[in-house]
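The values are calculated or read from the model by the stated rules, or taken from the named source; none is laboratory data. The structure displayed is predicted, hence computed values, not measured ones. All Cβ positions, even for glycine, are placed from backbone atoms using ideal geometry, and neighbour counts span all protein chains on display.
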Amino acid sequence: MDHDTVDNVRDRVLQPLEEAGLQRFHLRTWLTAGMGFFTDAYDLFIIGVVTTLLVPIWHLTTLDLMLLNSSALFAAVLGALVFGRLMDRLGRKTVYGIEATLLTVGAILSALSTNFWMLFVLRFIVGLGVGGDYPMSGVIMSEYSNRRRRGFLVNSVFALQGIGLLVGPLVAVLLLGAGVSDALAWRIMLGLGAVPAGIVIYLRRRIAETPHFTLGVRGDVTGTAQVVQQLTGSSPAEAGQVGKLQDSVGILFSNGHFLLTLIGTAFSWMFLDMAFYGNSVSSGLVMKALQPHGTLISHTLTSLWIFLVAAAPGYWVSALTVDRLGRRFIQVLGFIVMAIAYAILWLDPNIAKVPLDFLLVYAVSYFFIEFGPNSTTFVFPAEVFPVTVRGIGFGISASAGKLGAAVAAFLFPVLLIRLKLPDTMGLLAGISALGAVLTLVALREPKGKTLRESSREHLLEDIQVNP
């Protein structure tokens, strides 16, 4: 069978899925995937409050804070790579749910920690689950989506992170405001992370294998057609046979298009997370630098209001507009506004003396982080890599992002001490500007295209036909 015929068979079998309107299976997949991101956000950002409480209890040093704040993020680097490759080799269904189990077990045991090193190790386990959740949930939602609303669906999965951002500080405020002792409050905060993760384990183990995987990786035309019909109610034209596509990770590095795309998705995510997680995980330290005499509750409430007013709406504005404005436009705009906001905080040294003005600019930066690259760096890698290496392509991108996040969370406490608040913001401005330039140079716009078109899967078919 020649290349064009094989290409047409794949497109015909998947066409009903690509052209389907929003249906119940989209909602079910979104909820199953999205609850993991609620948990990820809660687990990653609650640690900033927890470590603040633990400083006097365990007599933590600055190095201890750096290690605890970043341990889960460093583990996420490994988790994204491992789960990304496993899902390409073993299948989405086979692996899905294992990462949620790691989150659940890690959260419960973290709450029972008796010393610094025990908590450090258990936070590492949590991080493995967080890292694995990124490629698993992003790719599965992408492969179940239709072409017109794929950006909305994948973005909406990630948008549940915004609720996790709100719930974390809210739980902290409620516990501390209710008079719960610090020694008990931090344990409750960590243990609650097991609840949403535990809920979705069952759902994730029951999810069906994606049609894109069964067709592209296994070459199962008949089985794929049956699943597509069950999902959409439309019977695809399945005449013909196809072979398996090349699944070598090396294609990401040997093919110029895929290599440039990988550089674009990985390093734009890294630049974003260096700015985002440095601020978010250490938001309590930022608030303390801004208001040295404020209480932990007042600092946490301030962070909560910023998340509520600026961050959370940004996720959903992005989800609702990404299929019209495009991923590339939104990502570049977000990086540019971030750079401007951080530059203002850097170039006007007196703004930190006026907390209201500082917080206003700080909140604007948060909105455009969530509206822009924090959402689109998750959407891009779910769309731009072929099915046989989509998991590892996403995994490498997420791993690079989490490496940037871990480095930022590790260094941020020291930067605030050494560079002070304004110069730290100046560093973030430069990083954000680099993200905008990289997006323009390395990434193509995938909106409105089928998943096979946006990932340029035909390049693998060319290799397969003409090895």
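Tabulated values for the structure
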quantity: All positions within the range 314-343 that are among the small types (Gly, Ala, Ser) and at pLDDT below 95; calculated: 314, 339, 341, 343
quantity: Selection count where residues are closer than 17 Å to residue 456 by Cβ and either outside any helix (DSSP H, G or I) or β-branched (Val, Ile, Thr) (or both), scope the range 204-241; calculated: 1
quantity: Residue selected from the range 242-257 under the condition among the aliphatic types (A, V, I, L, M) and outside any helix (DSSP H, G or I), by the criterion modelled with the highest pLDDT; calculated: 249
quantity: In the range 1-35, residue modelled with the lowest pLDDT [restricted to those that are under 30 Å from residue 163 (Cα atoms) and in contact with a Pro (Cβ under 7 Å, 6 or more places away or on another chain)]; calculated: 35
quantity: One residue from 173, 180, 157 being over 18 Å from residue 127 (Cα atoms) and outside any helix (DSSP H, G or I); calculated: 180
quantity: Single match in 78, 27 (criterion: under 24 Å from residue 214 (Cβ atoms), assigned to a helix (DSSP H, G or I) and hydrophobic (A, V, I, L, M, F, W, C)); calculated: 27
quantity: Residue within the range 98-115 that is among the small types (Gly, Ala, Ser), buried (at least 20 other Cβ atoms within 10 Å of the Cβ) and within 21 Å of residue 411 (Cα to Cα) present; calculated: no
quantity: In the range 204-256, the residues that are closer than 20 Å to residue 96 by Cα and polar (S, T, N, Q); calculated: 210, 214, 224
quantity: Counted residues, the range 376-397 - those being closer than 21 Å to residue 335 by Cα and either modelled with pLDDT under 95 or outside any helix (DSSP H, G or I) (or both); calculated: 2
quantity: Filter pass, residue 64 being in contact with a Phe, Trp or Tyr (Cβ under 9 Å, 6 or more places away or on another chain), more than 16 Å from residue 211 (Cα to Cα) and crowded, with 20+ Cβ neighbours inside 10 Å; calculated: no
quantity: Contacts under 8 angstrom Cβ, first residue in the range 402-421 being within 15 Å of residue 130 (Cβ to Cβ), partner not in a helix (DSSP H, G or I), 6 or more apart; calculated: 409/282
quantity: Inter-residue pairs, beta-carbon under 9 Å, first within 30 Å of residue 236 (Cβ to Cβ) and among the hydroxyl-bearing types (Ser, Thr, Tyr) and in the range 20-44, second at pLDDT below 90 and not in a helix (DSSP H, G or I), 6+ apart; calculated: 29/207; 32/207
quantity: Which numbered condition residue 148 misses (of (1) within 30 Å of residue 216 (Cβ to Cβ); (2) surrounded by 23 or more Cβ atoms within 10 Å (Cβ to Cβ)); calculated: (2)
quantity: Which listed residue is hydrophobic (A, V, I, L, M, F, W, C), closer than 24 Å to residue 446 by Cβ and at pLDDT 95 or above, from 158, 152; calculated: 152
quantity: Among (1) more than 25 Å from residue 77 (Cβ to Cβ); (2) aliphatic (A, V, I, L, M); (3) in contact with a Ser or Thr (Cβ under 6 Å, 6 or more places away or on another chain), the one test that residue 197 misses; calculated: (1)
quantity: Members of the range 176-222 that are crowded, with 24+ Cβ neighbours inside 10 Å and free of Cβ contacts under 8 Å to residues at least 24 places away in the same chain; calculated: 214
quantity: Some residue of the range 153-161 being closer than 20 Å to residue 107 by Cβ and surrounded by fewer than 24 Cβ atoms within 10 Å (Cβ to Cβ); calculated: yes
